[in-house]
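Notes to accompany the following structure.
The values are calculated or read from the model by the stated rules, or taken from the named source; none is laboratory data. Remember, predicted model here, so these are calculated numbers, not experimental data. Here the Cβ positions follow ideal geometry from the backbone for every residue, glycine too, while neighbour counts run over all protein chains shown.
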Amino acid sequence: MGFAEKRGNYWRGRYKTEPGKHLTVVDENGKTIKFATKGEAQRAASEAENMYRRGDWRDPALGLETFGEYAGRWYAAQDLAASTMQNYKRHIEEHLLPDFEDKALVGILRTDVELWEKKERALYAASSVKTWRSTLHLILEDAIDEGLLTSNPAARRRGRGKRAGRSRDRGPEKAITDALGILLTAERASLLSGGDDEFVAVVHKGYTGMRWAELVGMKTEFARPGSFRVEWQLYELDTGELVRVPPKDDSYRSLDLPDWLSALVANHVARTKPTPCPCHGKTYVYRGLGAARTGSHQGAKLTDVARRAGVSTGTVSNVLNHPARVAETTRAKVEQAIADLGFERGGKVSEHAPHWRRNGFATRLFTPAVSGWYPNKASQEARPVPLLGEPWPGVPSRGRNATDRSDACWVPIAKGLTPPTACATPTGRSRKTLAPRRSSWTSAWATSTAPSPPATPTSPPACAAASWPA
């Protein structure tokens, strides 16, 4: 049976587990329990020894591993999709480790989890905090399976907490638009990019509800007459790498199309003649925005000329655009630098980037097209898209003093619309037709200074063809 042992000014309980081996009675955190009397220590030791003999005993060393150590082992053992692994890593490193990294698993209490959640909710959206708590719950459940814990402090107990206001935890209603909104958004995106890929892609996205990664990863062979086949997606990791993976939740499907949409995409493929991308060796329907960033600029830049001539870039620009404003000696230096470097004004790289980037597409094209404003980015404040009002629906003003030269701006099409929700019907449903609905021109018209709007379009393709940029 267990026995008591005097240790200074307290008693501790000791019990036998095997011949020649005795253990000390400890608490759930693995610390020795200090008893005030000999009898208390002996009773606790006897109870612990009886539990060991019945098979109910649990090694007190289990659960003393810190959450940070266990989370590292847990993550390394997972074999999941790259996107899921990325999300778990972000949840753990950015939201769980700051509070729980140095805590022993057995030392994480339910109150600790509740206080952590309350703190996170003050800073982040409720839906995000719910996801992070689910990750914490999953990790601790696996710790229970390994015998490191006996209960999960992140588990939610039914019937506890506030009954009113639970619906606030749900995400906000998804913004959608109608057929006219899709058409206007596509037209504006095309004007901003100066190409046709963005027009076709936004119409494609709006009428099929495909996920963004599925749209970017759509191969030409799956753009079939009368239907699109969803077999793959290109998922962008935080590192910038685009990985080719099956669609989310294995949602392979065929989307039935109206004839005009099928023809629009088919004509786009025939016109652009896409080639296999260098990253995957596959041929995709859509190309990226602008020139490919290969890490080495093809040809001299304006800044290179300015540096060689020892002048500012503004002076070089004046030499190119307003030579009379520049002194003869300075102009000669700049012209000599241009000749030495082989600078070509307006030179373009012949190849597009292989694929769109989610953030670049959203900030440079989609958000400005939908809202009429460029969003906050780095040191730049949100600002309206500068436009020249003629011809309708406006031409983006570019270059120096673009804002001063602009005389119009776009009004919003649909508040809160994002690329994942830019559809006229719920995402993921197959559809055959989607007739345009009448919409208020006062809220979706293109510019603030253009003449009276034309009649509401009755066919998306006809209106689209009339408004494409040259």
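Being of a type in the set (Val, Ile, Thr) and at pLDDT below 85 is the filter here; which residues of the stretch 1-47 pass it?
Thr17, Thr24, Val25, Val26, Thr32, Ile33 - these are the residues of the stretch 1-47 that are of a type in the set (Val, Ile, Thr) and at pLDDT below 85.
What is the one condition in (1) modelled with pLDDT of 80 or more; (2) of a type outside the set (Asp, Glu); (3) closer than 30 Å to Met1 by Cα; (4) not in a helix (DSSP H, G or I) that Leu123 does not satisfy?
(3)
Conditions first: (1) closer than 21 Å to Leu149 by Cβ; (2) aliphatic (A, V, I, L, M); (3) in the same structural domain as Ser151 (by TED's automatic domain parsing). Ala82 passes all but one, so which condition is the exception?
(1)
Looking for whichever is at pLDDT below 85, of a type in the set (Val, Ile, Thr), surrounded by 14 or more Cβ atoms within 10 Å (Cβ to Cβ) and within 30 Å of Asp238 (Cα to Cα) here; the options are Val385, Val349. Which one fits? Break it down into steps so the answer makes sense when it comes.
Details: Val385 fails: at pLDDT below 85.
Result of the check over Val385, Val349: Val349.
Just give me the residues in the stretch 88-139 being crowded, with 16+ Cβ neighbours inside 10 Å and polar (S, T, N, Q), in sequence order.
If the condition is that a residue be crowded, with 16+ Cβ neighbours inside 10 Å and polar (S, T, N, Q), then Thr135 is the only one that fits.
Do you know which residues across the stretch 190-227 are in contact with a Ser or Thr (Cβ under 6 Å, 6 or more places away or on another chain) and free of Cβ contacts under 8 Å to residues at least 60 places away in the same chain?
Across the stretch 190-227, the qualifying residues are Pro225, Gly226, Ser227.
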